[in-house]
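The values are calculated or read from the model by the stated rules, or taken from the named source; none is laboratory data. Predicted, not measured: the structure shown is a model, and the values here were computed from it. Positions of Cβ are backbone-derived with ideal geometry, glycine not excepted, and every protein chain shown enters the neighbour counts. Quick note on the areas: whole protein, heavy atoms, side chains included, nothing else; ligands and nucleic acids left out. Shrake-Rupley method; radii C 1.70, N 1.55, O 1.52, S 1.80 Å.
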Amino acid sequence: MATFIKTGKSQSEQAKAEALVRQTVEKIIEDIKQGGDAAVRELSCQLDKWSPESFRLTPEQIEEIIQGVPAQVIEDIQFAQANVRRFAEAQKSALQDIEVETLPGVVLGHKNIPVNSVGCYIPGGRYPMVASAHMSVLTAKVAGVQRVIACTPPINGEIPAATVTAMALAGADEIYILGGVQAMAAMALGTETIAPVDMLVGPGNAYVAEAKRQLFGRVGIDLLAGPTETLVIADETADAEMIATDLLGQAEHGPTSPSALITTSEKLAQETLVEIERQLQVLPTADVARVAWEDYGIVIVVDSLEEAVVEADKLAYEHVEVLTKDPQYFLDNMKNFGALFLGPETNVAYGDKVIGTNHTLPTKGAARYTGGLWVGKFIKTCTYQKVKPEATAMIGEYCARLCDIENFAGHAEQARLRVRRYGKVAVEK
């Protein structure tokens, strides 16, 4: 039986905070819908103290920014992007167009078609999320998207040079220094100077995630990637230092980022609680990580690995790190997770920054029904059909009768017209 040694805020407390976010985002979107560029500029001034002559960077500005970035930074970005590209290309190769004759004279198929235009959000603020450029822009380009635009906020009134470099190297067609809900709404709705896109992707804070939710329908989205979540599953072979490091290493994302430990060892659970307190005394980002841990941290002690799987699938967290004797057991048995990190040799930071798997992943239980961002998210799998005359006469008989059952007279007539017109051809043959 699972025992909760530590829990975070209640569902009702979280709901109150979410309601406030929802109202704020709704107003911003409506303001931009009505005011266009003027509203975007006003919000940027108010929220980011940022009002350049143009939010879009020119090719000359981009080149100048890249020239000022240290060579080692560029090399590191290129290394990460090469890994992301290799994995994305391998994923794309698994997507095949098909065409099959399901009955004599009936040919059905599907074709994989990239989305025409995509808007990518690359978070900034305290943490300039350089890696999000690889995950969104580059992956969209590998998928074959023709127009990929990218927005990132200024940081303390400055353009984030490394992020812009990563956007450009990833292949962004347009780069805007614009952040938050105003960036999401501008990309989705369009303004006088920003042509709207067909799809929004990328991670962000609670406001950005809520903006995607409210804009969904007008545009497609990848998924609702809100505040990051991390779960560590550990048995007696793990050590408290590594668990605490890996939990706090993700809790630093923001004050609402949940971290959880599920373990078969109560001794290890207690040691981890002590170790977390020790590390919070020296962690440079402890001001954020402590709030996240105290408000959203969870520790669960279970009786068996089987029970660990049950509890982990209930949480359905974004990142799941497995520090057990047999990590493969969780790959074989877990169903609800954004990404798995198997064994002590790997960790969530690898996935976030460099190894090649995508870091835009489902949160808030969405792992129950979706995976993370990948090439396939940018591709529409569209079906088609081709039918020979003799086949349509036969299919039409069935279709008409099935339409009659549902009282769809017009549908039935579409089928009977084919029976009348092509049935004669079939008989003559």
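Checking each residue in the stretch 159-183 for being part of a helix (DSSP H, G or I), modelled with pLDDT of 95 or more and under 26 Å from residue 353 (Cβ atoms) picks out 161, 162, 163, 164, 165, 166, 167, 168, 169, 170, 181, 183. Exactly one residue among 386, 364, 380 is open to solvent by 80 Å² or more (accessible area, probe 1.4 Å), of a type outside the set (Ser, Thr, Tyr) and in a loop (DSSP other than H, G, I, E, B), and that residue is 364. Of everything in the stretch 8-41 that is touching a helix residue (DSSP H, G or I) at 6+ places or on another chain (Cβ under 9 Å) and outside any helix (DSSP H, G or I), the residue that is surrounded by the fewest Cβ atoms within 10 Å (Cβ to Cβ) is 9. Of all the listed residues (44, 51), the sole one being touching a Leu at 6+ places or on another chain (Cβ under 8 Å) and either surrounded by 11 or more Cβ atoms within 10 Å (Cβ to Cβ) or in contact (Cβ under 8 Å) with a residue 12 or more places away in the chain (or both) is 44. For residue 299, state whether it is within 11 Å of residue 230 (Cα to Cα), assigned to a strand (DSSP E or B) and either touching a strand residue (DSSP E or B) at 6+ places or on another chain (Cβ under 6 Å) or hydrophobic (A, V, I, L, M, F, W, C) (or both). Judged against the criteria, residue 299 is not a match. Residue 256 passes every criterion in (1) at pLDDT below 95; (2) under 24 Å from residue 345 (Cα atoms); (3) not basic (Lys, Arg) apart from (2). Scanning the stretch 184-209 for residues that are touching an Asp or Glu at 6+ places or on another chain (Cβ under 6 Å) and either surrounded by 18 or more Cβ atoms within 10 Å (Cβ to Cβ) or assigned to a helix (DSSP H, G or I) (or both) gives 191, 201. Condition check: assigned to a helix (DSSP H, G or I), among the β-branched types (Val, Ile, Thr) and farther than 27 Å from residue 370 by Cβ. Does residue 288 satisfy that? When the stated conditions are applied, residue 288 passes them. Looking across the stretch 236-251 at every residue that is buried (at least 19 other Cβ atoms within 10 Å of the Cβ) and touching a residue at least 60 places away in the same chain (Cβ under 8 Å), the one that is farthest from residue 349 (Cα to Cα) is identified as 238.
The lone criterion from (1) open to solvent by less than 50 Å² (accessible area, probe 1.4 Å); (2) more than 30 Å from residue 203 (Cα to Cα); (3) modelled with pLDDT of 95 or more left unmet by residue 423 is number (3). Could you say whether any residue in the stretch 327-335 is open to solvent by 40 Å² or more (accessible area, probe 1.4 Å), closer than 16 Å to residue 225 by Cα and part of a loop (DSSP other than H, G, I, E, B)? No, every residue in the stretch 327-335 fails to be open to solvent by 40 Å² or more (accessible area, probe 1.4 Å), closer than 16 Å to residue 225 by Cα and part of a loop (DSSP other than H, G, I, E, B).
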